[in-house]
């Protein structure tokens, strides 16, 4: 029996895998459709590495959850009251990954001056806005005291109110607030 051309043969003459002994992409048909994978040939044996299709929703969701977890590592784990931060020389807290989160002392001072004293012990910083990929142009605010503070500061309209414990704020507005009060606001991926 003559070996077929383009097929890798073992010493016994049996056909192992199609091969031209070069690194080249090949196409594979699966239930999800046609996918490209690479064949690597080493020591007369073909090692096939198969990558799941990016269109596979479960793979994509797992990858996104992993990446969002990494991003959220920088979010403060324990929010601090404005009154506490005002009394500290170097106001700080700890992030979810255990590193120090230093507040901008000048921003804390400005908030202390512009907000009424009765709000100092109720407002916890940083204010957390939640990003939801299902609502790409807005961020979610769930802190009613933060809304009250933003309304006093003139950052959000007095006509805004919570519906079901939630308030959606346009991302452009959220980013403008972050630029104005750095370290006092964070966005958490959800």
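The values are calculated or read from the model by the stated rules, or taken from the named source; none is laboratory data. Remember, predicted model here, so these are calculated numbers, not experimental data. Ideal geometry is used to build each Cβ from the backbone, glycine not excepted, and the neighbour counts take in all protein chains shown.
From the list 165, 112, which residue is assigned by TED's automatic domain parsing to the domain that holds residue 177 and at positive phi?
On the way: 112 fails: at positive phi.
Answer to the selection: 165.
Examine the range 153-174 for a residue that is surrounded by 19 or more Cβ atoms within 10 Å (Cβ to Cβ) and part of a helix (DSSP H, G or I), and state whether such a residue exists.
For the range 153-174, residues surrounded by 19 or more Cβ atoms within 10 Å (Cβ to Cβ) and part of a helix (DSSP H, G or I): present.
Yes or no: residue 84 surrounded by 11 or more Cβ atoms within 10 Å (Cβ to Cβ), farther than 21 Å from residue 129 by Cα, without any contact (Cβ under 8 Å) to a residue 24 or more places away in the chain and assigned by TED's automatic domain parsing to the domain that holds residue 177? Before the answer, list the steps.
Working: surrounded by 11 or more Cβ atoms within 10 Å (Cβ to Cβ): yes; farther than 21 Å from residue 129 by Cα: yes; without any contact (Cβ under 8 Å) to a residue 24 or more places away in the chain: yes; assigned by TED's automatic domain parsing to the domain that holds residue 177: yes.
When the stated conditions are applied, residue 84 passes them.
Just the residues that are out of contact with any strand residue (DSSP E or B) (no Cβ under 8 Å at 6 or more places or on another chain) and either surrounded by fewer than 18 Cβ atoms within 10 Å (Cβ to Cβ) or assigned to a helix (DSSP H, G or I) (or both), please, taken from the range 175-190. Spell out the reasoning first.
Going residue by residue through the range 175-190, those that are out of contact with any strand residue (DSSP E or B) (no Cβ under 8 Å at 6 or more places or on another chain) are 175-176, 179-182.
Result: 175, 176, 179, 180, 182.
Is it fair to say residue 66 is surrounded by 11 or more Cβ atoms within 10 Å (Cβ to Cβ) and either without any contact (Cβ under 8 Å) to a residue 60 or more places away in the chain or on the phi > 0 side of the Ramachandran plot (or both)? Give the derivation first.
Working: surrounded by 11 or more Cβ atoms within 10 Å (Cβ to Cβ): no; either without any contact (Cβ under 8 Å) to a residue 60 or more places away in the chain or on the phi > 0 side of the Ramachandran plot (or both): yes.
It is false that residue 66 is surrounded by 11 or more Cβ atoms within 10 Å (Cβ to Cβ) and either without any contact (Cβ under 8 Å) to a residue 60 or more places away in the chain or on the phi > 0 side of the Ramachandran plot (or both).
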